[in-house]
Amino acid sequence: MGESHSTTCRRAAEREAVTLAGSAYGLGRSRSIIVSDLSAGGARLDARDMPAPGDDVLVVVGPFDGLATVVWRSDDKCGIQFDDVVADETLGRMKREAKWMSVAGWYR
């Protein structure tokens, strides 16, 4: 994607609150993550020691795996932008899994 992204730009798609367990892989290290909100273009991850803004990560959550760029990071959260928009069908499957996890009492 040839676009330049700044920290002041707003996300194009509204995110939906979810709770999904997954993994993020970056430069020789994996991390356990919780996806706490999700859209076709990006997500907020609850995770420690994520890469710095601008770094790439491979995100694996349920039926989805894809590359993303870290946009912002704090001590235990970060925002990512997916390199490719997540297909509606895959997004729907991820959200259905999140609803199941909520009913099962995971995380929150």
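The values are calculated or read from the model by the stated rules, or taken from the named source; none is laboratory data. Bear in mind the structure is a predicted one, so any value in this text is a computation, not a measurement. Cβ atoms come from the backbone with ideal geometry, glycine included; neighbour counts cover every protein chain shown. Protein only, heavy atoms only, side chains kept; ligands, DNA and RNA dropped before computing areas. Shrake-Rupley method; radii C 1.70, N 1.55, O 1.52, S 1.80 Å.
The residue that is farthest from ARG93 (Cα to Cα), counting only those in the stretch 13-32 that are open to solvent by 30 Å² or more (accessible area, probe 1.4 Å) and of a type in the set (A, V, I, L, M, F, W, C), is LEU27. On the stretch given as the stretch 79-100, residues that are at pLDDT below 95 and crowded, with 18+ Cβ neighbours inside 10 Å total 5.
Scanning the stretch 53-98 for residues that are over 16 Å from ILE34 (Cβ atoms) and acidic (Asp, Glu) yields ASP55, ASP56, ASP65, ASP83, ASP84, ASP88, GLU89.
Of everything in the stretch 2-11 that is open to solvent by 90 Å² or more (accessible area, probe 1.4 Å) and in contact with a strand residue (DSSP E or B) (Cβ under 9 Å, 6 or more places away or on another chain), the residue that is modelled with the lowest pLDDT is THR7.
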